[in-house]
Structures are given as C-alpha cells and as structure tokens.
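What follows is a set of notes on a single structure, which appears directly below.
Rule-based calculations on the coordinates, nothing more; no lab input. This one's a predicted model, so the numbers in the text were calculated from it and none came from an experiment. Virtual Cβ from ideal backbone geometry, glycine too; neighbours counted across all protein chains shown.
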Amino acid sequence: MSSIISVANLSKTYGSGFKALKNVNLDIKRGEIFALLGPNGAGKTTLISIICGIANPSEGKVMVGGENIVTSWRKARSLIGLVPQELHTDAFESVWATVSFSRGLFGKPKNPAHIEKVLKDLSLWDKKDNKIITLSGGMKRRVMIAKALSHEPQILFLDEPTAGVDVELRKGMWEVVRGLQQSGVTIILTTHYIEEAEEMADRIGVINKGEIVLVEDKATLMQKLGKKRLTLHLASKLDTLPESLAHYKLDLCDNGATLVYDYDTKGERTGITSLLGDLRNAGVRFSDLDTTQSSLEDIFVDLVRTS
Amino acid sequence: MNLHAVRAIYLFEMARTWRTLLQSIVSPVVSTSLYFVVFGAAIGSRIDHVEGVSYGTFIVPGLVMLSVLTQSITNASFGIYFPKFVGTIYEILSAPISYFEIVLGYVGAAATKSIILGLIILATAGLFVPLHIHHPIWMLTFLVLTAVTFSLFGFIIGIWADGFEKLQMIPMLVVTPLTFLGGSFYSVNMLPSGWRTVALLNPVVYLISGFRWSFYEIADVSVVLSIGMTAAFLVICLVMIGWIFRTGYRLKN
C-alpha cells in the first residue's frame, strides 16, 4: 500500500523553547485507519496541526498525497479534512450553512446533493436548519465531522473524536468512521480510549514526549507485545509457595486462593506444561483455571513508562 | 485563486450583518441622527455659517466619516477576532486559502458594510439638512479608500487582540478621540495656530478634510495631501498584514 502522508525528520520547537516534536518520521498508508496514541502533551495535536497547516514546522518535511505541505500547500490542504479535539463551532449558524461554508472554504463549488448525503450519513439531516447552539454535544461533534467531509477529502484527521461522547454515540461514531474507510478515505485518529484504537485501527503509532515510540500493525503489536496470564483457582488456600515452584515467578493472590502466572506468547516455551506438572508433583490442586490476553492499554502503559 | 473561499468568507460575514441588523446598521444610524438633532438643529441653529455652509450641513461629511471609521474597525476586528475566540479559526488556517484571500474576504465584507452604512447615514442626513455633493466620484473614492484602509486596520487589531478589552481599546481610546479632534464638528482652521499644528499630526484630519472637500469644495488641507495620507495609511496597514501572515503572529504558534 502506498503512503498518502509521509512525515520526515519533523521537529517543532515552540517560542517558549518547549520541544513538542523531536525528529518524527511517520508514513500513513492510503486507505488505512491509523490510531495515534499518546499521553497528554505527547505531541499528537502538534503533529496533526503541522500536517494540516495550522502550525509551522521548525524542521523537517511533510508530504500529503505527494504534495509538499509548504511549497504545494494549496493542493496538500485540499486533500485533508480535520476534526479538531475541541468543539469549535459557529453557535448562531445553521447546520446547513456552516457545512456549506466549509465546502466553499476548501475551494469547492456548491453541491447541495453532497452536503445532503453527508448530513444524512451522520444522522443530521433533520437538524439541517437548526442553529448549532441548540444541538447536543454529540451532534455538534457530528457537525464538525460533516464540515470536515464537506469538501470530499481523501484524508480525515479525527483528533479525539469521541472525547466526552457517551458509549452509545461512540459506537455510532465508530460505524461512521468504518463507513468512511470503506468509501476510500484514509483516517488518522488520536485517542485516549485504547479501546477505540483496539476496535478501529489497522495500525497503531505511539507517541511520547514528542517522539514516535512505535508504529506497528495492530494485530502484530498485540501478538508481539501481548502477554498472557494464566490464573489458577486453588482447591485449598496456600500460605507459601512450595520451594519446587520458586523459579516460575508465580504470584500468590487473594490470600493464597489463586496463583497467577504471566507468560510470553512469542516465547519458544510458555512453561505451562512443566508448571502444571510441577504443581501436581508438589500436591497443589486447583479447581479452575483461565487465561487472559493483555490489552492494548497494558501494552501502551508499558511502552510509555519505559520510553 | 480560491474564489469559492473568498466568496464563502465574504457571504458568511455579510450574513452576520443581516443577523445583527439592529447592532450593525440601525444603531449607528440612530446615533448619527441624534448628532444631527443635537449639533445640527439645537446647537447648530445658534452657530453662524462655517466657511460658507450652514453648520448642520458642514458636519455631515465628518459624521459620515466618524461612523465609517469606527464601524470599519469594529466590523473587521470582530470578524477575525471572533473565530480566534471561539476556535473556528482552525478551519480558516487549515483551508487551501492564501492570506491575501483571507484578507479579501474579511476586509471586503467589513468595508462593504461600512460603505453601505456611510451611504445610509448620508441619506439620513439628507432628511435633516440640504446636501449637495460637488464631486460624487471623489466622495465615493474617499469613502471606499477610508472604509478599506480602516477595515485593514481593524483586521490588524482583531489579530493582535487576545481579549475583548483590547478589541475595544483602540477604537474607544484612540480612534474616537482622533475622529472628534480631527475636524468632524469644526474646521481645523478655526483652531489657534499652535493647536492647528498639533491637529495636523492627526491622520483623521486628512480623511475628513478630503471627504468634506468632495462635498463643498472646502478643505483644511490640500486634497492631494488628503489622498496621499490615506494611501500612505493603507500601505502601512498592508505592510503590517503582510508581516502578520509571514510570521504567523498570533495565528500560528
């Protein structure tokens, strides 16, 4: 898959001397959903702002759809739709007027049929004549997506699209994003909700302290870094672990009622067979067992802590 | 040239005017009418002619200029400050639109509003005093030049302001006094010679003088100087706006 966005050696230093981005290199593939994860202040919004033309880079080069964002900014920007993190709207405009305004701003002639389709896709059609101030938070968020889609962009940036949106609406939003991907739009989303990245993304990038720590296919990432946990519910409580089990790094939890064993799925040997054999030899019996895969959240927290 | 964008910004700003009709058009017309009642009819009736025209007639160009100056600044500064304040500026900055086009949209709309307002005030003045415009083309030239120049100035204030207080400060504390002292209600020639020299440092004197000349062929300073000063101020504003966009001052951090 070819790159639709290519970021090379990008750095950003603010007037205060704060380095928001440090030599960032990143390629976004055409048609994918890319999730950019990172704690607050990691540089997510700065990176998006530079690609979209809102902030000036200090160093480095950004290509969008083969166009340089500095020398060929008009072509580059016309490919992008941006939904910023904050709900910035013209409170007294109608939904129809504000979405039409955005289309004009991006240099496209009027196309009521397209605006109608966008509003219908986002379940905003019956609100088209309402003033934005009268809409709920979730609807305002959708108006902002409608504005970003009004000029038929090839790339859509969603900066924290579901912040402050309830679970029901969040799932609705995911459906919308999936639909957009199917129509050929490349989507870059930043999120705090790991669940969102896990649910939506094809690839995941982690940014911390202005540096890209990792970029990986979601599945590979989960497999590569994912740990599994075996929990054994003991038939009778243990006060201490038998000496013969010391080398397994087991945790005795719940006042001796459960044994927890973490193992690496990518390792040659998981150690489970020998552990179970040694448990039987030591006379430790268990009534039940279960295994769980570590979530993206655990992986993310690990990465950020170590970077 | 992204004409669709210029049109979108222009129409958006004009729509704001119609939405706030009372504040944008009716209120300046009412306050100007009050000036005519107070200065033209009440006090003016006790004042002799000024440079050959009745006092009520004499103050018309100054009053039109007073409104055009303040409204140009207010409209343009608010037009660009408000998107900064509510955050919708992100869309303008991320759109494929050049700085020149942004200015064209915002300043064009602000100047249009001021020109419409100036003409409405002129028509209102016609209800109170007899009007005769000797040089209508020059009158329109001065009106348009002043509206554009001060809309550019307002745009700069809107970019510079980081709060509503600053937004109000320049129009209230600088422009209104300069306009009042710039010969809206009197001829600078009526001042003692020392004060006349001081008054000539006020750029608004040249605008009002030129504008009044286009009506009655009476001026405090030569018309060429009036045009020259207006053009000079226009160039200064353009240079400042060029610098703002080149550096991203208060727009891109």
### Query
Hey, with R₀ at 25 Å, roughly what FRET efficiency would A:Lys117 and A:Glu168 work out to, going by the Cβ-Cβ distance, to 0.05?
0.60
### Summary
antiparallel share of DSSP beta bridges within the protein assembly as shown, to nearest 5, in %, is 70 percent
## Note on the structure
In the neighbourhood of B:Leu225 defined by beta carbon distances under 15 Å, the net charge of the other residues (Lys, Arg +1; Asp, Glu -1) is +1
#### Entry: Cα long-axis angle, helix B:3-19 against chain B (0 to 90 degrees, to the nearest 10)
60 degrees
### Summary
Neighbours of B:Gln71 by Cβ distance under 15 Å: Lys/Arg at +1, Asp/Glu at -1, summed charge +1
### Task
Report ³J(HN,Hα) in whole Hz for each residue of the range B:32-44, in order, from the Karplus equation J = 6.51 cos²θ - 1.76 cosθ + 1.60 where θ = phi - 60°; Gly and Pro get x.
5, 4, 5, 4, 5, 5, 6, 7, x, 7, 6, 6, x
### Query
Looking only at A:Val206, A:Val83, A:Val260, which one moves most when chain A is put into a Gaussian network model with springs between Cα atoms under 10 Å?
A:Val260
### Query
Where Lys and Arg each count +1 and Asp and Glu each count -1, what net charge lies around A:Glu160 among other residues with Cβ under 12 Å from its Cβ?
0
### chain A - share of DSSP beta bridges that are antiparallel (%, nearest 5)
70 percent
### Query
Any idea what angle helix A:137-149 forms with the longest principal axis of chain A, computed on alpha-carbon atoms, 0 to 90 degrees, nearest 10?
60 degrees
### Task
Have a look at A:Leu135, A:Leu149, A:Leu26 and tell me which one the Gaussian network model of chain A (Cα, springs below 10 Å) gives the largest fluctuation.
A:Leu135
### Query
Taking H as built 1.01 Å from N, whose amide H comes closer than 5 Å to the amide H of A:Ile33, not counting residues under 5 places away?
A:Ile187, A:Asp202, A:Arg203
### Query
Roughly how tilted is helix A:272-281, in degrees to the nearest 10 and between 0 and 90, from the longest Cα axis of chain A?
30 degrees
